Every structure is written in structure tokens, then in C-alpha cells.
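A short write-up of the structure that comes next.
The values are calculated or read from the model by the stated rules, or taken from the named source; none is laboratory data. Keep in mind that this is a model prediction, so the values were computed, not measured. A quick note on method: Cβ atoms are made from the backbone with ideal geometry, for glycine too, and the neighbour counts reach across all protein chains shown. Keep in mind that these areas ignore ligands, DNA and RNA; they rest on the heavy atoms of the full protein, side chains included. Shrake-Rupley method; radii C 1.70, N 1.55, O 1.52, S 1.80 Å.
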Amino acid sequence: MSEPVPVDTKENSLSDSAQMPERGFLWDFWYPAARSSAIHGRKLVTAVLLEVPLVLGRTDEGKAFAMRDACPHRGIPLSYGRFDGKNVECSYHGWKFDGCSGQCMEIPSLTSQDRLRVDRIFAGHFPCQEHDGYIWVYMSSGGARLPEAIAAAPRLRTFSERYKSTHLACELPSHIDHGIIGLMDPAHGPFVHQSWFWRSQTSIHEKAKQFEPIPYGFRMSPHSPSSNSAPYQLLKKMTGAPVTTTIDFVLPNMRTEEIRSGKLWFSSLTTVTPVQCDLCRIDFLAGWNVPLPIAVFRIFARTFLRQDQETMIRQAEGLEHNPRLMLIDDADRPAKWYFALKANLLESRRTGRTMAHPMDGPVTLHWRS
Ligand code: FES
Ligand SMILES: [Fe+2]
């Protein structure tokens, strides 16, 4: 999919941009490729990000690495090869590559007569960072040519020494854009997430929320969350302090939420990662010091994610026939900002000019949910 094309002042239509050469992916950002716990010993693990097949591993020193899962000699996936704790040996002709740099270390077929500079050959490789239990991979558009200073990979924000945390993931049969606008959609709550413990459809009411521009994204300004949600009411009772929530969306794919009340806090980091054109993955990471057992939280969070996932599976059924779509004001305004941010970022990369922000300043949106 889908850049919004103005139809009239109130509605936008979505047309198909998944067909574009870049498939609507944003390169030169960090994406979570795998859980840290999946990469252990001398095991090689595969992952796909932005349609790039990757092989991940960990050196004997403990450093995680990510290479393109294709040998630069004849293209066989390097993940079929052997890993000795430092070098990956291709299963076809035994070329050896340093896992962390991708540099070729050895070509067994060469003789003393050969003049080939082995050290000038590189397998594709990508920068890796590891924290919050994820292997983050920087999907560089320039291959081995990396920008000089890369910002650090995202991190969960925490507000005390000790806290609990947990992670959940689920796949969506959707283009990244649908995954993301589903993530920021304020109007589906009463219909998709009806649960006795959260809220019912009848609790729908009018809301006014202030949003402000932030670099590469927008923020729902700190506010007191819905009075109709039981968990928030409980939190307020426990601390006696007001509850405030701040929700940010930042390109390429990240939603963060912070709920704070006195000394108690809850924080989450959710990313939607493009795997293939019609497949993305939600990774949800949460940390908190509110008295809430991990197992209980996971039951609720899993229910939420499953409700979203089932909805997206059904949506994909409809999207297969390429229907005309709409973005309406104000409930879909965050989705419009997302598309505009993305377009402006690509434009600024193309022209070398500063990225324009689609918002002039703070704005209040109104919707019922
Ligand atoms: S294909 Fe990998 S060494 Fe030849
Ligand atoms: Fe949802």
C-alpha cells in the first residue's frame, strides 16, 4: 500500500504503493531481528528483514553479528555453513568470512600462484546492537558503506532500578503500512478490544487529545488516560497521585508509551518490523514496577495482541482484492501524519534538504472511542 491521495478535504484514499521499487520500506534504521536468547553457542540463526535474508550468530566472545545470508561467491546461504566461533565457513567451496566484519579470511582453492586479494572480498554484513533482549540490526541501504555516525538502537525507557519486564511478538499478514496504522489507530478499541477487564462497547465516548510534533514523529501530549479503563482507575487508587500517559510514534516503526503515577510506572516499546512485503511482525516489550505479576500481564497483553492479529488477518482477506480505502479526520489523522512523515523523510534523503514536519505545532484531535 499506500500513500494517502487527497480526495476532498475530509477524506483520503489509499492506493497501492507496495508495488513501488522500495516496497514502502524505510532503510537506514534499526530493526529487531531476533531475540537474544535465540542466538547462543555456535548456532547460526536465520531472519528476514525488509526482504533481506540474514544469518545471525554470536562469536565466542559473545558479540552478536548479522550477515546477508548469501555467499558472495555463488550465493548459497551462509547459514548452511559451519561457524567456529569467529568465522563462518561456506558449505559450498569453504570460503571463510569473519562474522563481525564479513571480511573474507580464506579461500581454500587458491594456490601459491594466485594473486587474488582475499581480504578485499566481503560478505554482506550489517551493524548489530543487543539490548532489551533483542538483536537489533541496522538495515543499511548502502550495504557495507555505512553512514559515519549511526544513532543507537531504540531502548525501553525505565524509571527505577528494579522492574519486571516481558516481551511478546506476533506476525501480521500485512504490509508494514497497514501494520503501523493499525498500531496507532485510536478508533478500533471499542470494537476489537472488547473485554470484561478492559472496557465495553457501550463505554464509547468523545475524546479530545492533544498531539505535538517531535523529531521523526508525533507525541500524544501527557494526559490523564481514559477514565473508563479499569486498570488506570486502580493505579490512581494505589498511589493517590494523578496518572499521566505519554504516547510517542517515531519513524520508522516505533510506538512508545509511558504511564506514570507517583513512583509507579509502566513503559512499553512496540515496533512493527517489515519482514516481507505482505508480512510484518509486532514486537511488544514492556517494563513496569506496578504490582502486577508477569504471568497476569501476559494473559492480558496476549489477548490484546491476538485481537489485533485476528483483525489484521481478516483485513488481509479484504485487501487481496485491492479495494479503495479511506483515511478520515480526526480518527485517522495520526495515520496521515505517518504517511506524510515517511514521504517527507524520503524526500529529504533524496534532496539532501532538512526534513519538513507535517505538523505546524500542537493540535487537538477529536474522536469517539
Ligand atoms: S558459494 Fe560459498 S564458497 Fe563458493
Ligand atoms: Fe489494537
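When you look at residue 347, is it under 20 Å from the mean Cα position of the chain (by Cα), surrounded by fewer than 18 Cβ atoms within 10 Å (Cβ to Cβ) and of a type in the set (Asp, Glu), yes or no?
No, not satisfied.
Do the conditions hold for residue 353, that is, is it open to solvent by 20 Å² or more (accessible area, probe 1.4 Å) and either touching a residue at least 40 places away in the same chain (Cβ under 8 Å) or within 30 Å of residue 208 (Cβ to Cβ) (or both)?
So residue 353 fails the test.
Enumerate the pairs (first residue in region 76-89 and within 17 Å of residue 60 (Cα to Cα); second residue anywhere and of a type in the set (Lys, Arg) and in a loop (DSSP other than H, G, I, E, B)) with beta-carbon separation below 8 Å, excluding pairs fewer than 6 apart on the same chain, so at least 6 apart or on different chains.
83/42; 83/43; 84/42; 85/42
Here is a list of conditions, (1) closer than 30 Å to residue 319 by Cα; (2) not in a strand (DSSP E or B); (3) not charged (D, E, K, R), and residue 270 meets all of them except one; can you say which number that is?
Residue 270 satisfies all of (1) closer than 30 Å to residue 319 by Cα; (2) not in a strand (DSSP E or B); (3) not charged (D, E, K, R) except (2).
Within region 66-94, can you find the residues that are of a type outside the set (Asp, Glu) and in contact with a strand residue (DSSP E or B) (Cβ under 6 Å, 6 or more places away or on another chain)?
66, 67, 78, 79, 81, 82, 83, 87, 88
Checking residue 138 against (1) over 18 Å from residue 54 (Cβ atoms); (2) within 13 Å of the chain's Cα centre (by Cα), which single condition isn't satisfied?
Result: residue 138 fails condition (1) only.
Test residue 55 against the criterion of being touching a Ser or Thr at 6+ places or on another chain (Cβ under 6 Å), away from ligand 1 (no atom under 12 Å from the Cβ) and part of a strand (DSSP E or B), and give yes or no. Before the answer, list the steps.
On the way: touching a Ser or Thr at 6+ places or on another chain (Cβ under 6 Å): yes; away from ligand 1 (no atom under 12 Å from the Cβ): yes; part of a strand (DSSP E or B): yes.
Yes.
What residue, of 319, 327, 365, 251, is touching a residue at least 24 places away in the same chain (Cβ under 8 Å), in contact with a His (Cβ under 9 Å, 6 or more places away or on another chain) and surrounded by 17 or more Cβ atoms within 10 Å (Cβ to Cβ)?
Exactly one residue qualifies, and that residue is 319.
Give region 230-248 a look and list any residue that's open to solvent by 50 Å² or more (accessible area, probe 1.4 Å), of a type in the set (S, T, N, Q) and not in a helix (DSSP H, G or I), or say none.
Within region 230-248, just 244 meets the criteria.
Suppose we keep only residues that are over 19 Å from residue 54 (Cβ atoms) and part of a strand (DSSP E or B) within region 72-121. Which one would you say is nearest to ligand 1 (Cβ to nearest atom)?
106
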